[in-house]
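Read-outs: derived from the displayed coordinates by stated rules, not from any lab. Bear in mind that the values here come from a model prediction, so they are computed numbers and not experimental data. Quick reminder, even Gly has a Cβ in these numbers, built from the backbone with ideal geometry, and neighbours come from all protein chains shown.
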Amino acid sequence: MRILLTNDDGIYSNGIRAAVKALSKPGEVYVVAPLFQRSASGRAMTLHRPIRAKRVDVPEARVAYGIDGTPTDCVIFAIARFGKFDLAVSGINLGENLSTEITVSGTASAAIEAATHGIPSIAMSLEVEWKKTLGDGSGVDFGVSSIFLRRIAEAVLRKGLPEGVDMLNVNVPSDATPQTPIAITRLARKRYNPTVEERIDPKGNPYYWIVGRLVEKFEPGTDAHALKVERKVSVTPINIDMTSRVDFEKIRGILL
């Protein structure tokens, strides 16, 4: 089995190295990931400049490239360079990726990009303290999340995904054990309420930070409720066709 592994934390993240170890048993792992941190890049694609690739030594990987582009660039590069894959994995990400905001996540968006090419995909994220989400994962224990990644990857490789499911978005609690239950969930509406803070630089000019206020209450059955309240591993099946399941005649009646 050929497995594509990418992330948005960068190729030097300990999370991607943990993922290689977890996936090297069920398949041959090809790593293509950004050279630098590219969190919150969504499905951004580099079109107005060339991208460059650098061979990187990643133990137990068949081959590894660092790309000076986005996670989506990495998936496109990997398919063009190496051909078809049996599975694509994005992660193990430092920090959870929950709710409809997965469209902002570089981790989830890389898996979505792979899914558009017909590759069954998994986005894998581990809940960590906020201050550790932009580091390289030093001091983070990926042991339990690696167990769940291997378990889920082996299941997908063996059985495939059900019709109508293109990818799985997985979030593991920071205090999970190998016995932590898995909850099959839907996406929460929001995890953050974004706003803009205005500040003043030393020359008296205003500048702005986009910041997010955490949503604290979640509806049962959602990924955020499973992770944050029930402390379960959340697995959300995603279909990349975002067309609303509605009687089209109702829309016709509104517009026409």
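Of note:
- Fewest-first ordering of 81, 62, 252 by other beta carbons within 10 Å of each residue's beta carbon gives 252, 81, 62.
- Computed log₁₀ I(q)/I(0) - Debye formula, equal Cα scatterers, no solvent, the range 100-219, q 0.21 Å⁻¹: -1.41
- Extension gain, residue 57 back to residue 208 (0.36 nm per residue minus Cα-Cα distance, nm): 50.5 nm
- Residue-span extension gain [residue 231 to residue 157] - 0.36 nm each, minus C-alpha spacing: 24.0 nm
- Counting 0.36 nm for each residue step from residue 248 to residue 147 and taking away their Cα separation leaves a gain of 32.0 nm.
- Each of 124, 167, 1, 242 has some number of other Cβ atoms within 10 Å of its Cβ, and from fewest to most they run 242, 1, 167, 124.
- When the alpha carbon coordinates of the range 26-141 are projected onto the principal axes, the ranges are 36, 31, 31 Å, largest first.
- Cross-link partners for residue 132 among the aspartates and glutamates, with Cα-Cα distance under 13 Å and sequence neighbours closer than 8 places in the same chain left out: 9, 96, 141.
- Taking a straight line from the alpha carbon of residue 159, these lysines sit under 28 Å away, with near neighbours fewer than eight places off in the same chain left out: 21, 25, 84, 232.
- Its relative contact order, with pairs defined as Cα atoms under 8 Å and 6+ residues apart, puts the chain at 18 percent.
- A cut-off under 12 angstrom between Cβ atoms defines the neighbours of residue 187, and their net charge, with Lys, Arg +1 and Asp, Glu -1, is +1.
- Fewest-first ordering of 43, 151 by other beta carbons within 10 Å of each residue's beta carbon gives 151, 43.
- Computing Rg and the Kirkwood Rh from the Cα coordinates of the range 186-234 gives a ratio, Rg/Rh, of 1.28.
- GluC sites (Glu not before Pro) within the range 72-158: DSSP coil, no more than 15 neighbouring Cβ in 10 Å: 129
- Candidates 173, 202, 220, ranked by Gaussian network fluctuation over the chain, Cα under 10 Å, top entry: 202
- Dividing the C-alpha radius of gyration of the chain by 2.2 N^0.38 Å, with N its residue count, gives 1.03.
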